[in-house]
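First up is the structure itself, then whatever we jot down about it.
The values are calculated or read from the model by the stated rules, or taken from the named source; none is laboratory data. These numbers were taken from a predicted model, which means no experiment stands behind them. Neighbour counts run over all protein chains shown; Cβ positions are idealised from the backbone, glycine included.
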Amino acid sequence: MLMDQDRKLMSSVIDWKNEIADIAGSFEPTDTKQSWLNRVARQCGLTLRHVTSIYYGHVTDPKHSVATKILSAANQARIERGRKHAAVAIEIYRVASERLADLNEDRYRDEIDVLQRASRIIGDVDRS
């Protein structure tokens with residue numbers, strides 16, 4: 001009886017569709033649902049059948065090894081997305097500080113320093 005409750009808890013706590021969507025990334029115009037799910041299967045080292053069954057809810061309580069692969073790949077995808085966003089922010093701050101320096105470096109010295117410091121902080125966080 002306790003095992004049934006655990007299964008219900010696991011299926012209600014983990015939103016497998018969102019986890020799989022995080023791994024797959026954006027749905028490109030050239031993608032089909034199968035190619036999109038196949039991308040997840042390749043990244044997780046699973047079969048397309050496993051991923052499809054979990055995505056459509058046919059399996060609500062996957063084996064531990066399958067669940068672990070999906071969850072770790074989803075976490076890795078989130079980390080990579082964060083790194084890309086950090087790189088964009090660093091570039092924006094760099095360009096903004098260069099433009100301010102071109103306008104009047106003495107007048108905008110405080111703003112330039114803040115932008116460069118923020119860029120360094122984000123860069124340090126990204127490396128760790």
> Can you name the residue in the range 45-73 that is of a type in the set (A, V, I, L, M, F, W, C) and within 14 Å of the chain's Cα centre (by Cα) and, of all such residues, is surrounded by the most Cβ atoms within 10 Å (Cβ to Cβ)?
Replying inline: I70
> Within the range 18-41, which residues are exposed (fewer than 12 other Cβ atoms within 10 Å of the Cβ) and within 14 Å of A77 (Cβ to Cβ)?
Replying inline: N18, S26
>> If I filter the range 112-127 for residues that are surrounded by 12 or more Cβ atoms within 10 Å (Cβ to Cβ), assigned to a helix (DSSP H, G or I) and within 16 Å of the chain's Cα centre (by Cα), do I get at least one hit?
In response: yes
> Pick from H50, H58: which is at pLDDT 90 or above, outside any helix (DSSP H, G or I) and either under 24 Å from I23 (Cβ atoms) or touching a Ser or Thr at 6+ places or on another chain (Cβ under 7 Å) (or both)?
Replying inline: H58
>> Tell me yes or no: at least one residue of the range 53-69 is within 30 Å of L115 (Cβ to Cβ) and of a type in the set (V, I, T).
In response: no
> Scanning for something of a type in the set (A, V, I, L, M, F, W, C) and surrounded by 13 or more Cβ atoms within 10 Å (Cβ to Cβ), does the range 74-81 turn up at least one residue?
Replying inline: yes
